[in-house]
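The values are calculated or read from the model by the stated rules, or taken from the named source; none is laboratory data. Keep in mind that this is a model prediction, so the values were computed, not measured. Note: ideal-geometry Cβ built from the backbone for every residue, glycine included; neighbour counts use all protein chains shown. Ligands, DNA and RNA are stripped out before the accessible areas are found, and what is left, the full protein with its side chains, is counted by its heavy atoms. Shrake-Rupley method; radii C 1.70, N 1.55, O 1.52, S 1.80 Å.
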Amino acid sequence: MDTKTCHKCGAENLLKQKNCYNCGEKLSVGSNILYLFKIGAIILVGYVVAKLFGFS
């Protein structure tokens with residue numbers, strides 16, 4: 001049986017499901033890409049703040 005993994009909680013879901021049964025997050029490819037952009041933005045902001053205030 002084919003499954004998809006939730007990008008938020010890691011639960012395995014059936015391919016035909018649209019939302020995760022565990023946390024309710026959307027399981028589309030677009031939501032995975034958006035999640036990666038959010039993580040990247042958080043890391044970038046942390047990096048900029050660290051460079052701005054001289055943390056290293």
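Tell me the carbon and sulfur percent of the accessible area for the chain, rounded to whole percent, probe radius 1.4 Å. Intermediate values should be presented prior to the final figure.
Details: 3070 of 4660 Å².
For the chain, the apolar C and S fraction of the accessible surface comes to 66 percent.
Summed over the residues of the chain and divided among them, the accessible surface reaches 83 Å² per residue at a probe radius of 1.4 Å.
For the pair LEU15 and LEU52, label points projected 7 Å from Cα toward Cβ lie 4.6 nm apart.
Cβ under 10 Å from HIS7's Cβ, HIS7 left aside: what net charge do those residues give with Lys, Arg +1 and Asp, Glu -1?
Numbers: positive: LYS4, LYS8, LYS26; negative: GLU25.
That sum, taken over residues with Cβ under 10 Å, equals +2.
If R0 is 30 Å, the Cβ-Cβ spacing of PHE37 and MET1 corresponds to a FRET efficiency of close to 0.45. In the chain, the calculated helix contribution to ellipticity at 222 nm averages -16000 deg cm²/dmol per residue, counting -39,500 (n - 2.57) for every DSSP H run with n ≥ 4. Here's how it looks for HIS7: its modeled amide H is under 5 Å from none belonging to a residue 5 or more places away or on a different chain.
Here's the picture: charge each Lys and Arg Cβ at +1 and each Asp and Glu Cβ at -1 in the chain, and of GLN17, THR5, SER31 the one pushed furthest to the positive end of that dipole is SER31.
Trypsin sites (Lys or Arg not before Pro), restricted to the chain: which are DSSP loop and have at most 13 other Cβ atoms within 10 Å? Mind dumping the intermediate values first?
Details: sites: LYS4, LYS8, LYS16, LYS18, LYS26, LYS38, LYS51; in loops: LYS8, LYS16, LYS18.
Taking the chain and a limit of 13 other Cβ atoms within 10 Å, the loop trypsin sites (Lys or Arg not before Pro) found are LYS16, LYS18.
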